[in-house]
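Written below as structure tokens is the structure these notes are about.
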Amino acid sequence: AAIGGTREFPIVIASVDGDSIGNKKDLNLGIAVALEHGLIVPVIRNADEKNLVGLSRAIEDLATRARTKKLNPDEVQGGTFTITNPGIFGALYGLPLINQPQVAIMGVGAIEKRAVVVDDAIGIRPMCHISLRSDRRLVEGADAGRCSTSFTEPTQLAARAGAWAGVALPAPRAG
């Protein structure tokens with residue numbers, strides 16, 4: 001969902017460094033990883049070229065190596081957009097800090113079952129809050145709002161369809 005939103009609103013992968021604005025073409029996705037003390041943000045290079053399985057594997061690899069202190073210095077540099085997940089600690093939403101010189105960060109809250117209206121009926125669905133914090137020197141509020149909405153649309157469509165449309169998941173591993 002974040003990848004689609006950054007394609008539609010490329011301003012959120014730009015950067016501000018002093019008086020300079022850097023327009024980026026590559027989506028180098030920073031993933032905030034909680035450590036015993038603090039956090040670190042390793043980067044998935046060219047994340048927009050990976051499918052859901054490739055992203056999941058990259059996140060798992062980077063998070064494991066971050067927690068075991070086996071990241072290389074270049075793996076925590078050059079991010080153009082960051083995702084953080086305060087929901088892993090049970091928070092419904094958070095107010096993440098932008099990883100400068102980036103201009104935006106997406107926060108994903110805890111997933112909880114909630115009563116929602118679906119096709120004029122009340123149903124129970126897993127829901128979470130997604131937030132976008134942006135640097136207003138470059139990303140105006142209306143664009144930030146539209147970009148934030150674009151993050152949720154693909155997941156809502158997939159949830160209505162009952163599956164992640166267009167995503168090939170690997171077969172379960174034996175053992």
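The values are calculated or read from the model by the stated rules, or taken from the named source; none is laboratory data. Quick caveat, the model's predicted, so the values are computed rather than measured. A quick note on method: Cβ atoms are made from the backbone with ideal geometry, for glycine too, and the neighbour counts reach across all protein chains shown. Surface areas here come from the heavy atoms of the whole protein model, side chains and all, with no ligands, DNA or RNA. Shrake-Rupley method; radii C 1.70, N 1.55, O 1.52, S 1.80 Å.
Starting from residues that are among the hydrophobic types (A, V, I, L, M, F, W, C), open to solvent by less than 40 Å² (accessible area, probe 1.4 Å) and farther than 18 Å from Leu95 by Cα, keep the ones in the stretch 124-175 and report whichever is modelled with the highest pLDDT.
Leu138
For the stretch 16-25, check the following and say yes or no: at least one residue is at pLDDT 90 or above, part of a strand (DSSP E or B), out of contact with any Phe, Trp or Tyr (no Cβ under 7 Å at 6 or more places or on another chain) and surrounded by 18 or more Cβ atoms within 10 Å (Cβ to Cβ).
No.
Residues that are in contact with a Gly (Cβ under 9 Å, 6 or more places away or on another chain) and open to solvent by 30 Å² or more (accessible area, probe 1.4 Å): does the stretch 54-73 have at least one?
No, because not a single residue in the stretch 54-73 is in contact with a Gly (Cβ under 9 Å, 6 or more places away or on another chain) and open to solvent by 30 Å² or more (accessible area, probe 1.4 Å).
So which residues in the stretch 28-47 are touching a residue at least 60 places away in the same chain (Cβ under 8 Å) and not in a loop (DSSP other than H, G, I, E, B), if there are any at all?
Result: Gly30, single match.
Between Leu52, Leu35, Leu39, Leu95, which is under 25 Å from Asp143 (Cβ atoms) and either at pLDDT below 95 or in contact with a His (Cβ under 8 Å, 6 or more places away or on another chain) (or both)?
Leu95
So which residues in the stretch 48-103 are among the hydrophobic types (A, V, I, L, M, F, W, C), within 15 Å of Gly30 (Cα to Cα), in a helix (DSSP H, G or I) and under 15 Å from the mean Cα position of the chain (by Cα), if there are any at all?
Leu55, Ala58, Ile59, Leu62, Ala63
What are the residues in the stretch 48-63 that are among the charged types (D, E, K, R) and either closer than 13 Å to Ile3 by Cα or touching a helix residue (DSSP H, G or I) at 6+ places or on another chain (Cβ under 9 Å) (or both), if any?
Asp48, Glu49, Lys50
Return the pair list, or none, for Cβ contacts closer than 7 Å from residues in the stretch 80-107 that are within 18 Å of Ser15 (Cα to Cα) to residues that are open to solvent by 50 Å² or more (accessible area, probe 1.4 Å) and in a strand (DSSP E or B), at least 6 apart or on different chains.
Pro96/Arg133; Ile98/Arg133; Pro101/Asp17; Ala104/Arg133; Ile105/Arg133
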